[in-house]
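First up is the structure itself, then whatever we jot down about it.
The values are calculated or read from the model by the stated rules, or taken from the named source; none is laboratory data. Keep in mind that this is a model prediction, so the values were computed, not measured. Heads up, the Cβs are rebuilt from the backbone with ideal geometry, glycines too, and the neighbour counts pull from every protein chain shown.
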Amino acid sequence: MSRPMFDEMNASASSVRGHYQDYQRWLARQSADAMQARRAEAEMIFRRVGITFAVYGAKDEDGSGTERLIPFDLIPRIIPAHEWGGMEKGLVQRVTALNRFIHDIYHDQEILKAGLIPSDQIFQNAQFRPEMMGVDVPGNIYSHISGVDIVRAPNAQGEGEYYVLEDNLRVPSGVSYMLEDRKMMMRLFPELFSQNRVAPVEHYPDLLLETLRAMAPPATNEPTVVVLTPGMYNSAYFEHAFLAQQMGVELVEGQDLFVKDNFVYMRTTRGPKRVDVIYRRVDDDYLDPLAFKPTSTLGCAGLLNVYRSGNVAICNAIGTGVADDKSIYPYVPKMIEFYLGEKPILKNVPTYMCRNKDDLAYTLANLKDLVVKEVHGAGGYGMLVGPASTKAEIEDFRAALLANPSGYIAQPTLSLSTCPTYVESGIAPRHIDLRPFVLSGKTVQMVPGGLTRVALKDGSLVVNSSQGGGTKDTWILEDDVPVPVAAAVALAQSQLQSQSQSQSQSQSSSALESALNLSAVGV
């Protein structure tokens, strides 16, 4: 018996959901040849710009590493304002609680004393950093940039319900594809943005820079921010370079940095320049060869001591990974109640922890129906999708589970929602998820939407780009009171604050008025 599906666009075979109706009427007027031409144009531009990612372990015919375009789908995923409003509240709540949890773990450990989480799941966690015990980080914020993966599945009433699938709190990636997808849609289909009130996402780099600068050491008037990348062979290098360029800050590698007199400096053509904030896209283990992996050439020797002294901010904080773990994920609802005194707005997917005897027994007995994941796994690797696996694959995973049960969790195979997608055979439903990006600084904020990932293989539930997935533009439709006005006011005000105090009041008023005018026409 096939599982029920929730289709994001179609309420039934003969009816379209209200928030998709304008788009569906437009789509029905488009010829197959026109859509195919737009698809080819998008691929050509993405290839020319270099919007690619490296696939680890994959090889071309000549034996070299494989670099691929992330497939871009022409049909957007559309979410009405009221649904986004509830999701946004849930995301703020969740990320706030997670940051409180990480601070607690490295300070008083009240949640462990209360017996809500077993201590060994913290202290035996490979991402727990004893070096961070008692270290005060700016604003008590550890995960400044969080990518929370959300899926939608039918509930008992057959309606779509949002669930958090996992929290990405270390170095979440994908936001550059969100921005490039929107830019591409506006280029290919400008008429759609005059016909629909789509909330903007283009101001994300401004919000990111604002978040990073807010974490600078005290008494830093004009903080110097850098993006630390492992280098051009990293799978997300395009994103590192893109965000540095968009923020107007330097992209650096470990060899560009050095420590002197307990401060971090970068080498420039004009001599050393002090660095105040590092947006790192390098894992903890490689940040400082004196503190972690001594063979690492990706980090900066002595960085940890400067960080512990408060003379440089690192975003996301060292040690954040203790909460970015699939074995900690099941406890997030308890964290929300413990730290915030609130009921979770967004639900977790039911999860079996294979370290527990009963959960392991259930998992082993139902492998063909479950999704089993490594607790430290990422990118769609190290997982079993039971219904899509062979008997041999299931037995191999059974052996791995028995050998290391604490290294795995299991979840029911959700019937992820589908969205019409333009594939080789035409328009067909494909499974999707959503990764909103949450920024935590002096406030918690985000742009409306996120990165929608789509499993392009028919029937596949794996949306990761490394496993053949693609991306869609995500539209949050605005209500009568437009969301971007508030965003435009905030952006204009931040720009005005950074201008010279000598500017006249009339110039300031003009800049604010200009930002409001732009938001009104959806630019």
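Note on segment 98-137: residues that are under 22 Å from the mean Cα position of the chain (by Cα), not in a loop (DSSP other than H, G, I, E, B) and not β-branched (V, I, T) amount to 5.
Scanning segment 162-190 for residues being in a helix (DSSP H, G or I) and in contact (Cβ under 8 Å) with a residue 40 or more places away in the chain gives a total of 12. Within segment 306-323, being over 10 Å from V264 (Cα atoms) and either among the polar types (S, T, N, Q) or part of a loop (DSSP other than H, G, I, E, B) (or both) holds for S309, G310, N316, A317, I318, G319, T320, A323.
Is it true that L360 is buried (at least 18 other Cβ atoms within 10 Å of the Cβ) and touching an Asp or Glu at 6+ places or on another chain (Cβ under 8 Å)? No.
Within segment 328-351, identify whether any single residue is of a type outside the set (F, W, Y), part of a loop (DSSP other than H, G, I, E, B), touching a residue at least 60 places away in the same chain (Cβ under 8 Å) and buried (at least 22 other Cβ atoms within 10 Å of the Cβ), and answer yes or no. Within segment 328-351, one or more residues are of a type outside the set (F, W, Y), part of a loop (DSSP other than H, G, I, E, B), touching a residue at least 60 places away in the same chain (Cβ under 8 Å) and buried (at least 22 other Cβ atoms within 10 Å of the Cβ).
Per-residue answers, yes or no, for (1) buried (at least 16 other Cβ atoms within 10 Å of the Cβ); (2) at pLDDT 95 or above; (3) assigned to a strand (DSSP E or B):
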| residue | (1), (2), (3) |
| --- | --- |
| P387 | no, no, no |
| I409 | yes, no, yes |
| V438 | yes, yes, yes |
| D458 | no, no, no |
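No other residue among A378, A361 is modelled with pLDDT of 90 or more and not in a strand (DSSP E or B) apart from A361.
For (1) surrounded by fewer than 15 Cβ atoms within 10 Å (Cβ to Cβ); (2) over 27 Å from N234 (Cα atoms); (3) modelled with pLDDT of 95 or more, each residue gets a yes or a no:
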residue	(1), (2), (3)
T66	yes, no, no
I75	no, yes, yes
R94	no, yes, yes
N99	no, yes, yes
L112	no, yes, yes
G134	yes, yes, yes
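Screening L416 on (1) free of Cβ contacts under 8 Å to residues at least 12 places away in the same chain; (2) buried (at least 21 other Cβ atoms within 10 Å of the Cβ) shows it passes everything except condition (1). Segment 198-264 holds strands (runs of 3 or more DSSP E) entirely within its bounds, and those carrying 1 or more residues that are in contact with a Lys or Arg (Cβ under 6 Å, 6 or more places away or on another chain) map to 225-228.
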